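Please treat every number below as a calculation from the coordinates, not as lab data. Since the structure is predicted, the reported quantities are computational estimates derived from the model, not experimental observations. Heads up, the Cβs are rebuilt from the backbone with ideal geometry, glycines too, and the neighbour counts pull from every protein chain shown.
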Amino acid sequence: MRIAAVVIRILRQFLRDKRTLGLMIFAPMLILALMNVVFTDQEPTMDVGLVGEVQSLQANLEDENMEFILIDSEEDGWERIGESEIDAFLTKEKIVLEGSDPSTNKAILLKLQKMNQPDENKELPFEIEYAYGSESMEMFDNIGPFLIVFFVFFFVFLIAGVSFLRERTSGTLERLMATPIKRSELVIGYVVGFGIFTLIQSSIIVLFTIYILDIQMAGNILSILFVTFTVAITALTLGTLLSAFARNELQMIQFIPLVVVPQVFFSGLFSIEAMPSWLQKVSLVMPLTYAGDAMKDIMIRGKGIEEIYSNILLLFGFSLLFILLNIKALKKYRPT
């Protein structure tokens, strides 16, 4: 009977906590649905430019996953690669690969090998050149920039959310709200205070990845630190915002599979081009989409802040939006 009483109490507790109940049922379904779409056998289309005499071969070069584009000159090909419009371009003497994704490089070379020479053991009849990266570039060099921004985002989101929640549950927030301090001043103070520690954390993660793990680094390390700190601020403001809707640490952690995990699929770890068009649009509201692109542009393509400013502005825009919503969420503690 005592065991039955414990079982009944636990069941009642779960039934009363609709959020936990819904998370146990719907969160796994959401993540599994995303994984089903992402890992469905959909090979992305690779765009290859044809320059000069090789344009006459377009009719003979047919592949359902490779689109051939006529390009006026080699200079135009380099420009299109720089703008990420094509994955490679082919001339009579050489093939120039964009180079930032080793799997795409190998796929293009393999398909061209099969198209031109049945014997896969023979070398391709032209020189291979890489716009970014090199033949020795490994998969970790490709996904490393995305892993950096993800782990920074994840841990800052979790720590900031739980810490801000404890401020509420311990009564500290209520006591602060009883003072003349404004809601905006309180939120900004928390962001700056936590931001100092996130800056230290971000710097350590970046330095460890670059100098200890020896990941490829083509750009400026100060640009990397700036982008990483921007990601941390975005995660910090989002974590403090969502903590306003949680009653305890468990409910705060429940936001992870709903808010953080889905962003993994849009951060660049997986090919967005291979996803359905409607799902690609979802990536537009995911901060990690812009963070991952910015980090890849710096670390692999060697670009500077002035070339990725749009992604930086969007991340700052997300942070500003989360700050304003956080100020509004604090109205339940004090209207002014």
*asked:* Net charge within 13 Å of residue 224 by Cβ-Cβ distance, Lys/Arg positive one each and Asp/Glu negative one each, not counting residue 224 itself?
replied: +2
*With a point put 7 Å past each Cα toward its Cβ, work out how far residue 45 is from residue 222 in nm, to one decimal.*
4.2
*Quickly rank 226-235, 299-308, 174-183 as a protection proxy: mean count of other C-beta atoms within 10 Å, highest first.*
226-235, 299-308, 174-183
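Which entries in the list 182/303; 106/303; 106/281; 182/281; 281/328; 111/281 go over 31 Å, if you measure between the two C-alpha atoms of each? Don't jump to the answer; show the numbers that get you there.
On the way: 182/303 41 Å; 106/303 24 Å; 106/281 28 Å; 182/281 37 Å; 281/328 28 Å; 111/281 29 Å.
182/303; 182/281, as the Cα separations exceed 31 Å there.
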*Label-reachable residues, region 256-294, where backbone N falls under 16 Å from a point 7 Å from residue 313's Cα toward its Cβ*: 290-291, 294
*Rounded to whole Hz, the Karplus (6.51, -1.76, 1.60) HN-Hα couplings of region 149-161, x for glycine and proline*: 5, 5, 5, 4, 4, 5, 6, 5, 4, 5, 5, 5, x
*Roughly what would the spin-label model give for residue 151 and residue 172, points 7 Å off Cα along C-beta, in nm?*
2.7
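What is the extension gain from residue 128 to residue 162, computed as 0.36 nm multiplied by their sequence separation minus the C-alpha to C-alpha distance, in nm to one decimal? Working shown, then result.
Working: separation 34, 0.36 × 34 = 12.24 nm, distance 5.11 nm.
Extra length from residue 128 to residue 162 when fully extended: 7.1 nm.
Given the Cα-Cα distance of residue 261 and residue 249 and 0.36 nm per residue of separation, how much length would full extension add, in nm?
Values: separation 12, 0.36 × 12 = 4.32 nm, distance 1.78 nm.
Fully extending the segment from residue 261 to residue 249 adds 2.5 nm.
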